[in-house]
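**Q** Following this message is one structure expressed as structure tokens.
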Amino acid sequence: MSAGRRVVVLDYGSGNVRSAVRALERVGADVELTADPDAAADAHGLVVPGVGAFAAVMDQLRSVDGGRIIERRLAGGRPVLGICVGMQVMFTAGEEHGVTTPGLDQWPGTVDRLHAPVVPHMGWSTVEAPEGSVLFEGVGDERFYFVHSYAAQSDPAAALDGGEDSPFPPPLVTWSEHGGRFVAAVENGALSATQFHPEKSGDAGAQLLRNWVTSL
């Protein structure tokens, strides 16, 4: 059961955090919306939401020392879940309108504009989840709700794969498609993230959040 799991939703000025708070509360988490670094460090889980432009979200994160908060947790093996642009900023960089903005560089790759006739990608789409996924247990065949114009489109697992001798397992990467394939989610040790909005994805999104909270 997920009862008793304390989750901090990082409050750094990004919009739409209340829906994430409510969705986590509905699956049994004890949720606090705060940018307090001690609260973020001590919680069982930290959620990093994000909407809007990559560069703006990075500026907002810097204003509360969000990068340090996230890195401090990950260094201690403490779970972090990024959502939408909160996932994108985990990559090396984001490129918008010809401007490249450094990200948090937890995963290799650049987030750039989707190669599709219609952008943004807005609506319900299926995903291709890998075997062994914790997030997608029981919901790998469901549809999830996306609203985005940018995504990571190269495979972070391929870039991080150190071969058979590597002490670290490669990330589990979930894919979706809009014009071409893009990264829909990544699970990499303590760090997980989704490009779609689980808090807007009905029963499937609720189950994904429940899976994450239960794993804490």
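**Q** Got a number for carbon plus sulfur as a percent of the chain's accessible area, 1.4 Å probe? Don't jump to the answer; show the numbers that get you there.
**A** Details: 4650 of 9680 Å².
Of the solvent-accessible surface of the chain, carbon and sulfur hold 48 percent.
**Q** Next up: Is the shape of the range 125-216 rounded, prolate or oblate, going by the alpha carbon gyration tensor and its root eigenvalues a ≥ b ≥ c, with a/c under 1.5 for rounded and a/b larger than b/c for prolate? Write down the numbers at each step before the final one.
**A** Details: a/c = 2.17, a/b = 1.28, b/c = 1.70.
It comes out oblate by the Cα gyration axes.
**Q** Moving on. Provide the net charge surrounding Ala40, with neighbours chosen by a C-beta distance below 13 Å and charges set as Lys +1, Arg +1, Asp -1, Glu -1. Please list the in-between numbers first.
**A** On the way: positive: Arg6, Arg68, Arg72, Arg73, Arg78; negative: Asp11, Glu32, Asp36, Asp38, Asp42, Asp65, Glu71.
In short, -2.
**Q** Would you mind working out the accessible area per residue for the chain, using a 1.4 Å probe, and quoting it in Å²?
**A** In whole numbers, the chain has 45 Å² accessible per residue.
**Q** Given the DSSP H assignment, sum -39500 (n - 2.57) over each helix run of at least 4 residues in the chain and divide by its residue total; what's the result at 222 nm in deg cm²/dmol, nearest 500? Intermediate values should be presented prior to the final figure.
**A** Values: 7 runs with 59 residues, N = 216.
Computed ellipticity for the chain at 222 nm equals -7500 deg cm²/dmol.
**Q** Assign one of three labels to the range 63-116, namely rounded, prolate or oblate, based on the Cα gyration tensor with a ≥ b ≥ c the square roots of its eigenvalues; rounded applies when a/c is under 1.5, prolate when it is not and a/b is larger than b/c, and oblate otherwise.
**A** prolate
**Q** So if we plug the beta-carbon distance of Arg181 and Glu137 into 1/(1 + (r/R0)^6) with R0 = 22 Å, what FRET efficiency do we get, rounded to 0.05? Walk me through the intermediate numbers first.
**A** Numbers: r = 22 Å, r/R0 = 1.02.
For R0 = 22 Å, the calculated efficiency reads 0.50.
**Q** Now, a different point. Would you work out the Kirkwood radius for the chain? I mean one over the mean of 1/r across all pairs of different Cα atoms, in Å. Show your work: numbers first, answer last.
**A** On the way: mean 1/r = 0.0587 Å⁻¹.
Answer for the chain: a Kirkwood hydrodynamic radius of 17.0 Å.
**Q** Another question, then. Report the local net charge at His97: Lys and Arg +1, Asp and Glu -1, summed over other residues whose C-beta lies under 15 Å from its C-beta.
**A** Working: positive: Arg113; negative: Glu95, Glu96, Asp112.
Summing Lys and Arg as +1 and Asp and Glu as -1 gives -2.
**Q** Sequence gap at least 6, Cα distance under 8 Å: using those rules, report the relative contact order of the chain to the nearest whole percent. Walk me through the numbers on the way to the answer.
**A** On the way: 479 pairs, mean separation 45.2, N = 216.
Dividing the mean separation by the residue count of the chain yields 21 percent.
The values are calculated or read from the model by the stated rules, or taken from the named source; none is laboratory data. On a predicted model such as this, the values are computed, not experimentally measured, just so you know. For neighbour counting, all protein chains shown are included, and Cβ atoms are generated from backbone atoms with ideal geometry for every residue, glycine included. Please note that ligands, DNA and RNA were not included when accessible areas were found on the heavy atoms of the full protein model with its side chains. Shrake-Rupley method; radii C 1.70, N 1.55, O 1.52, S 1.80 Å.
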